[in-house]
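All remarks here apply to the structure that follows.
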Amino acid sequence: MYIYTKYHSVNTHLEMPAEMKESFLAIGGCPVSATIQIIGGKWKVVILYLISYKISRFSEIHRLIEGISKKTLSEQLRELESDGIISRKAYAEVPPRVEYTMTEKGLTLRPIIFAMRDWGWEFGADKMACKK
């Protein structure tokens with residue numbers, strides 16, 4: 001069976017190749033779950049989406065994401081930094097200024113993030129978490 005979208009047709013009955021099944025069993029999981037461990041959760045992809053557009057300061061990110069606490073944002077940023085997805089630069093200024101940017105590793109996630117954005121525009125516009 002095929003589903004047709006404005007982007008392309010999608011075969012709804014894909015068969016996983018045998019070698020992929022073997023590797024899945026051998027490593028005890030799948031690459032998708034590894035990705036989800038790094039960027040999963042309620043806020044990380046939204047944070048990365050904003051940072052990918054050079055919205056780089058803590059206060060800007062906090063202001064644009066409806067419902068995230070400062071504590072949670074801080075934790076999520078620390079985790080993304082620890083995983084090598086973003087880098088943090090602190091400036092010795094008064095008041096203190098910190099900016100976040102995507103690392104080379106983080107930039108490889110942009111196509112995934114933008115595909116999610118496109119899907120959200122088409123199918124989830126009523127559930128957006130970023131403030132307009």
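The values are calculated or read from the model by the stated rules, or taken from the named source; none is laboratory data. Keep in mind it's a predicted model, so treat the numbers as computed, not measured. Here the Cβ is made from the backbone with ideal geometry for all residues, glycine too, and neighbour counts use every protein chain on show.
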**OP:** Quickly run through segment 85-118 and pick out the residues that are over 13 Å from the mean Cα position of the chain (by Cα), of a type outside the set (A, V, I, L, M), modelled with pLDDT of 90 or more and exposed (fewer than 13 other Cβ atoms within 10 Å of the Cβ).
**Re:** Lys89, Tyr91, Glu93, Glu104, Asp118
Original post:
Do any residues in segment 107-121 that are touching a residue at least 12 places away in the same chain (Cβ under 8 Å) have Cβ atoms under 9 Å from those of residues that are surrounded by 15 or more Cβ atoms within 10 Å (Cβ to Cβ) and in a loop (DSSP other than H, G, I, E, B), where the two are at least six apart or on different chains, and which pairs are they?
Top reply: Leu109/Ile85
**OP:** Could you run through segment 55-76 and say how many residues are free of Cβ contacts under 8 Å to residues at least 40 places away in the same chain and charged (D, E, K, R)?
**Re:** 4
Original post:
What is the one condition in (1) without any contact (Cβ under 8 Å) to a residue 60 or more places away in the chain; (2) part of a helix (DSSP H, G or I) that Pro95 does not satisfy?
Top reply: (2)
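Here's the yes/no breakdown for (1) part of a helix (DSSP H, G or I); (2) touching a Leu at 6+ places or on another chain (Cβ under 8 Å):
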{"residue": "Val45", "(1), (2)": "yes, no"}
{"residue": "Leu48", "(1), (2)": "yes, yes"}
{"residue": "Ile51", "(1), (2)": "yes, no"}
{"residue": "His62", "(1), (2)": "yes, yes"}
{"residue": "Gly67", "(1), (2)": "no, no"}
{"residue": "Thr72", "(1), (2)": "yes, no"}
{"residue": "Leu77", "(1), (2)": "yes, no"}
Original post:
Restricting the search to segment 62-77, which residues are at pLDDT 95 or above and within 14 Å of the chain's Cα centre (by Cα)?
Top reply: Leu73, Gln76, Leu77
Original post:
Given Lys71, Lys54, which one is closer than 24 Å to Trp119 by Cα and of a type in the set (D, E, K, R)?
Top reply: Lys54
